[in-house]
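The values are calculated or read from the model by the stated rules, or taken from the named source; none is laboratory data. If you're wondering where the values come from, they're calculated on a predicted model, not measured in any experiment. Cβ atoms come from the backbone with ideal geometry, glycine included; neighbour counts cover every protein chain shown. Accessible surface areas use protein heavy atoms only, side chains included; no ligands, DNA or RNA. Shrake-Rupley method; radii C 1.70, N 1.55, O 1.52, S 1.80 Å.
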Amino acid sequence: MPGKVLGGRYEVQDKIGTGGMATVFRGRDSVLGRTVAIKTMLPQYAADPSFAARFKQEAQAAAALQSPYIVSVYDWGKDGDTYYIIMEYLRGTDLKSGIRKHGALDCKKVAQIGSQIAQALSVAHKHDIIHRDIKPQNIMVQPDGNIKVMDFGIARAKNSHLTQDNSVLGTAHYVSPEQTQGKALGPTTDIYSLGIVMYESATGQVPFQGDDAITVALKQVNEQPKPPSQLNPSIDPSLEAIILKCMQKDPAARFQTADELNRALRDYLAGRLSAVAGATAATTALMGAAVTNKLEPGQGATAVGPRIQRENRYRPQSATEKAAELEAEREKKHKRRKTLGIVAVIVALIAAAGIAYAVLNSGTKTYSVPNLAGMTQDEAEAAIEKDGHFKVGTVSPQYDDTVQEGYVIDQNPNQGSELAEGSKIDFTVSKGPQPAATVTVPDLTNMTPEEAEAALAQVNLKGKAGNSKTSDTIEVGKVCDQDVPANSNAKAGDTITYYLSSGAEEVSVPNVVGDSETTATATLKENGLEVKVVYDNSDTVDSGYVVRSSPSSGEKVAKGTTVTITVSTGPADKRIEVPYVVGETYAEAKSELESAGFYVSLSSGSSASGTVTYQSITTKAEKGTTITLTTASSGGDSDEGGSGSDGGTGGGTDSGSTSTTSTR
């Protein structure tokens, strides 16, 4: 395969991996000039007729998934007997290798990875695609710490007519119970597998192990996992609760959507422990007596029983104790922020005492404050006013990068607090992320794709390569245009599409041979070509008309290329200079003229032994022309001609006629 070009543009380079269904090569896209990953299906699958249809459907589905946390699929096709998929080339290492090298990850890092995977799954699930093989080997950790979910190759669309819904796919250590049992699958299948990925990330090992895949798969169905905290005591109880809720045997007991799971993880990362209180029921079911779901007001962490302290060994602070301590500190800070001064405190205490007195003496009932986390504003107001126990207090909008716009961020009092009937409950609603800053779009002209991406990243913009464009001035593979003009304003986080040059536009040289100089020049310029005119003699083409062009007619050239046309100046002048022989002997003159290509004749009355006194042509003549010479006799022989008594030259000049005899 290395060296082969697929689809006329993808050059296969070195092999970077082999799986159960395909081999992956590094390659180069010759059109866009970028490095890509090329996945080629193994021959035994490519030969299966049903595979071709399934391959096409799945490649199209994967290409439709657009997320910063999903490996992009650029193209797919068939070249001969080879089916291939062109994907984004990633640098980094898979999560499995990272866990093997570094062991258990920090709780915050586990939650960040889980949140990004959940966001990737949310995109897929909204396209009715279930991944079915979520595992650390399919999670690529990039150099910047973010992840990409790979290998939707065995994913199935829920509406697919080309596969059975009960297909058992995936790896035994991460497969859901319903996959093992061949049951119908939905989004909660991927959530279960993600729970195991987070479990392994937090503890350094998978929850179920066995000698073979069947043994492990059966444990997925029949056995409960050890709580992660038994393997890694430093795990936060709230994160443990989220993980174990994902791993419930009953799909209905898990988080029902990837968005719901992502919100819980984001709340955990933001320190809103009350927001994950719902996950503690799952922890209780799995940990039994070691876990309770008793929550103090404002605390969503699972309370874990104290661990046995071994003799003569220091017992470190448990995760629960640490969480409680952090929560207590947050509560103190919260109270300090709300204190406006000693007078306000005294007033508040007096008011509180009055309310307590009134309650005790009037028989007013108290009720538990509902949990508003994860609700929209309308849902929160309805929950407060449900049963008529409470009233809606102040609703405060606030920007939040982790909570979707329109959803509750916080509430006061916290859920679980006891309030008198008729009390008001305040809550804060997310306005979504803080508006992005305005940045200046850089000029990407003449940059490589890598240089363009780096220039955009420097000002917090994202880059995207569009279709290539022709350019007369920019070399192939470099940026020749961008959808947002350079030096204009954009919002941080916006995507700028740039276009790479495919070279100058090509045109065919028109046939202008036989046209006049004026017509030929106009025709060439109309086709986007420059013109250079040279002139030459021609025996066949009239003066002023084109004899030939270079490049020749029909040749493909770049627009703007200069075409040289040769214009006829008519037949060439074939005359040459005639040697001047007057004064030479006739023999010398005759030899010189014949050597130059002329015929020689002697005028009547001239002597061949005389000296030339006259020649009929002294300028130019064509070769083969007869030159007539007149001589004067050196011996005065009247028969050969000579000087007359009147001093004239011989040849009968006074008789009015001269006869000549050719000597060639």
Margin query: Between Tyr399 and Asp536, what is 0.36 nm times their sequence separation minus the Cα-Cα distance? Round to one decimal in nm.
Written below: 41.3 nm
Notebook entry, point to check: Considering the alpha-carbon set of segment 401-552 alone, what are its Rg and its Dmax in angstrom?
Noted result: 31.8, 116
Next item on the list: Report, largest value first, the span of the C-alpha coordinates of segment 1-158 along each principal axis, in whole Å.
Entry: 49, 34, 28
Notebook entry, point to check: Can you list the lysines whose alpha carbon is less than 16 Å from that of Lys532, not counting same-chain residues fewer than 8 positions off?
Noted result: Lys559
Check: Once the other residues with Cβ under 11 Å from the Cβ of Val612 are scored (Lys, Arg +1; Asp, Glu -1), what is the net sum?
Finding: -2
Check: When you count, for each residue, the other Cβ atoms within 10 Å and take the mean per peptide, how do 68-80, 485-497, 29-41 rank with the highest first?
Finding: 29-41, 68-80, 485-497
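Given a 1.4 Å probe and every protein chain left where it sits, what share in percent of the accessible area of segment 382-515 is carbon and sulfur?
Heavy-atom surface of segment 382-515 belonging to carbon and sulfur, 1.4 Å probe: 43 percent.
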Check: Using a cut-off of 19 Å between alpha-carbon atoms, which lysines can reach Lys4, once sequence neighbours fewer than 8 places away in the same chain are excluded?
Finding: Lys15, Lys39, Lys78
Next item on the list: Let me have the relative contact order for segment 369-505, percent, based on Cα pairs under 8 Å that are six or more residues apart.
Entry: 22 percent
Notebook entry, point to check: Which lysines does Lys590 reach when only Cα atoms under 18 Å apart count, and residues fewer than 8 places away in its own chain are ignored?
Noted result: Lys620, Lys623
Margin query: Which order do the peptides 392-398, 598-604, 201-207, 466-472 come out in when sorted by mean C-beta neighbours inside 10 angstrom, highest first?
Written below: 201-207, 598-604, 466-472, 392-398
Notebook entry, point to check: Once the other residues with Cβ under 9 Å from the Cβ of Thr23 are scored (Lys, Arg +1; Asp, Glu -1), what is the net sum?
Noted result: +2
Item checked: Under 12 Å, Cβ to Cβ, from Lys226 - net charge with Lys/Arg +1 and Asp/Glu -1 -> -1
